[in-house]
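Read the structure below first, then the notes.
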Amino acid sequence: MNEKLLKKAFEYAKEIRNNAYAPYSHFLVGAALVTKDGKIFTGCNIENASFGLTVCAERVAIFKAVSEGERDFDFLVVVTDTNPPASPCGACRQVIREFGKDMEVVVANLKGDMIKKSLSELLPDSFGPEDLI
Ligand code: THU
């Protein structure tokens with residue numbers, strides 16, 4: 001992972017977190033997804049009065065990127081205001097898995113603490129597209 005790009009993605013994730021629409025949980029999350037060719041797609045969580053319709057920051061970033069034709073991802077940065085930084089929920093882990101069995105996930109907080117994890121560590125023995133063939 002390119003450290004300069006990591007720093008940039010972290011700043012993007014921190015910034016986009018301010019756009020989180022979280023009037024129910026007040027838990028703001030920002031994400032920045034970096035493609036293999038260095039493009040960055042951001043996302044924040046978007047809640048709904050019908051709570052189950054809430055979409056997490058990670059999935060917003062992934063869906064934005066995929067809808068723009070991107071599928072080759074290098075790493076994902078997730079920023080929360082927690083200590084230690086919070087990890088992606090189970091649903092997001094499965095959506096990340098679809099596009100990156102070995103994707104690196106960096107969980108970070110506003111202070112700048114960063115923990116690098118791999119998707120296979122977060123979601124071992126996973127089910128993915130190859131299993132359908
Ligand atoms: N949330 C995320 O955006 N990403 C996660 O991985 C965990 C949870 C959001 C969903 C909801 O808006 C709020 O955080 C509290 O669960």
Condition first: at pLDDT below 95, surrounded by 13 or more Cβ atoms within 10 Å (Cβ to Cβ) and of a type in the set (Lys, Arg). Can you find one or more residues in region 94-115 that meet it?
yes
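For region 87-133, which positions are in contact (Cβ under 8 Å) with a residue 60 or more places away in the chain and either part of a loop (DSSP other than H, G, I, E, B) or more than 21 Å from ILE16 (Cβ to Cβ) (or both)?
Result: LEU110, GLY112.
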Just one of ALA22, ALA91 is within 13 Å of the ligand (Cβ to nearest atom), on the phi < 0 side of the Ramachandran plot, at pLDDT 95 or above and surrounded by 15 or more Cβ atoms within 10 Å (Cβ to Cβ); which is it?
ALA22
Condition broken by GLU3, with the remaining ones in (1) of a type outside the set (A, V, I, L, M); (2) out of contact with any helix residue (DSSP H, G or I) (no Cβ under 6 Å at 6 or more places or on another chain); (3) within 16 Å of the ligand (Cβ to nearest atom) satisfied:
(3)
Given the condition more than 18 Å from LEU6 (Cβ to Cβ), surrounded by 15 or more Cβ atoms within 10 Å (Cβ to Cβ) and under 16 Å from the mean Cα position of the chain (by Cα), answer yes or no: does some residue in region 36-44 qualify?
yes
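The values are calculated or read from the model by the stated rules, or taken from the named source; none is laboratory data. Treat the numbers as computed from the prediction; the structure is a model and nothing was measured. Heads up, the Cβs are rebuilt from the backbone with ideal geometry, glycines too, and the neighbour counts pull from every protein chain shown.
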